[in-house]
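Visitor: Quick one: this structure, given as structure tokens, is what I'll be asking you about.
The values are calculated or read from the model by the stated rules, or taken from the named source; none is laboratory data. Predicted model only: the values in this text are computed from it and were never measured. Don't worry about glycine lacking a Cβ; one is built from the backbone with ideal geometry, like all the others, and counts go over all protein chains shown.
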Amino acid sequence: MNELDRYDYAILSALQGDGTLSIAQLSERVGLSTTPCWKRVRRLEEEGYIESRVAIVNRRKVGLPVTVFVSVRTSQHDDKWLARFAAAVIALPEVLEFHRMSGDIDYLLKVVTSDIEGYDRFYKKLIKVAQLTGVSSAFSMEQIKITTALPLELVSHQ
């Protein structure tokens, strides 16, 4: 991968804020003409800096207002078990994020659902997919900050 310069960081930053910017709008915003800007965007996509462009849907408006952080413990730690467990969890549509953790918790899931009953249905599906030694749920009472934008100013040194 190539080293990123200030234009690359400016492009990434602008697209994090609005993935619908046209190349003309983006080039104006970052101070490049359209062809070099387009080539940089294409390179950033090809090299994996830009993974995808998506619309962020309001989860409350579509009926998924409840966020639950689910901590999972297991006594199984072999590769075969993990592969089966990971495939099963990835297939659960309620799971937005799935992390393998250090410390007391083996896995952490970020789950969205409609209500307590919806979470109970999810929980019953989760405990069927693998042998687990513990599942603990923490319901988010209030979302204080959410962003998908990475803090690029921490790494853009140019």
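Visitor: Mind checking which residues of the range 99-158 are basic (Lys, Arg) and closer than 22 Å to ASN58 by Cβ?
Guide: Residues of the range 99-158 basic (Lys, Arg): 100, 110, 121, 124-125, 128, 145.
The answer is LYS110, LYS145.
Visitor: Testing ALA88 on (1) touching a helix residue (DSSP H, G or I) at 6+ places or on another chain (Cβ under 6 Å); (2) outside any helix (DSSP H, G or I), one condition comes back false. Which one is that?
Guide: For ALA88, the failing item is (2).
Visitor: Condition check: of a type outside the set (S, T, N, Q), surrounded by 12 or more Cβ atoms within 10 Å (Cβ to Cβ) and farther than 30 Å from PHE139 by Cβ. Does ARG40 satisfy that?
Guide: yes
Visitor: Which condition from (1) surrounded by 11 or more Cβ atoms within 10 Å (Cβ to Cβ); (2) farther than 26 Å from ILE146 by Cα; (3) of a type in the set (Gly, Ala, Ser) is the one that ALA14 breaks?
Guide: Failed condition: (2).
Visitor: A further question follows. Restricting attention to the range 20-33, does a residue exist that is over 18 Å from the mean Cα position of the chain (by Cα), closer than 30 Å to SER114 by Cβ and not assigned by TED's automatic domain parsing to the domain that holds GLU117?
Guide: Yes, because at least one residue in the range 20-33 is over 18 Å from the mean Cα position of the chain (by Cα), closer than 30 Å to SER114 by Cβ and not assigned by TED's automatic domain parsing to the domain that holds GLU117.
Visitor: While we're on this one: Filter the range 93-117 for residues that are touching a strand residue (DSSP E or B) at 6+ places or on another chain (Cβ under 7 Å), touching a residue at least 40 places away in the same chain (Cβ under 8 Å) and not in a loop (DSSP other than H, G, I, E, B) and give the result.
Guide: At the first step, the residues of the range 93-117 found to be touching a strand residue (DSSP E or B) at 6+ places or on another chain (Cβ under 7 Å) are 94-101, 105-115.
Within this subset, residues satisfying the condition of being touching a residue at least 40 places away in the same chain (Cβ under 8 Å) are 109-115.
Within the range 93-117, LEU109, LYS110, VAL111, VAL112, THR113 qualify.
Visitor: Return the residues of the range 118-146 that are surrounded by 13 or more Cβ atoms within 10 Å (Cβ to Cβ), hydroxyl-bearing (Ser, Thr, Tyr) and either under 16 Å from the mean Cα position of the chain (by Cα) or part of a loop (DSSP other than H, G, I, E, B) (or both); say none if nothing qualifies.
Guide: SER140
Visitor: Here is a list of conditions, (1) touching a residue at least 40 places away in the same chain (Cβ under 8 Å); (2) farther than 30 Å from SER137 by Cβ; (3) in contact with a Leu (Cβ under 9 Å, 6 or more places away or on another chain), and ARG73 meets all of them except one; can you say which number that is?
Guide: (2)
Visitor: Which condition does TYR49 not pass, out of (1) in contact (Cβ under 8 Å) with a residue 60 or more places away in the chain; (2) surrounded by 15 or more Cβ atoms within 10 Å (Cβ to Cβ), if it passes all the others?
Guide: (1)
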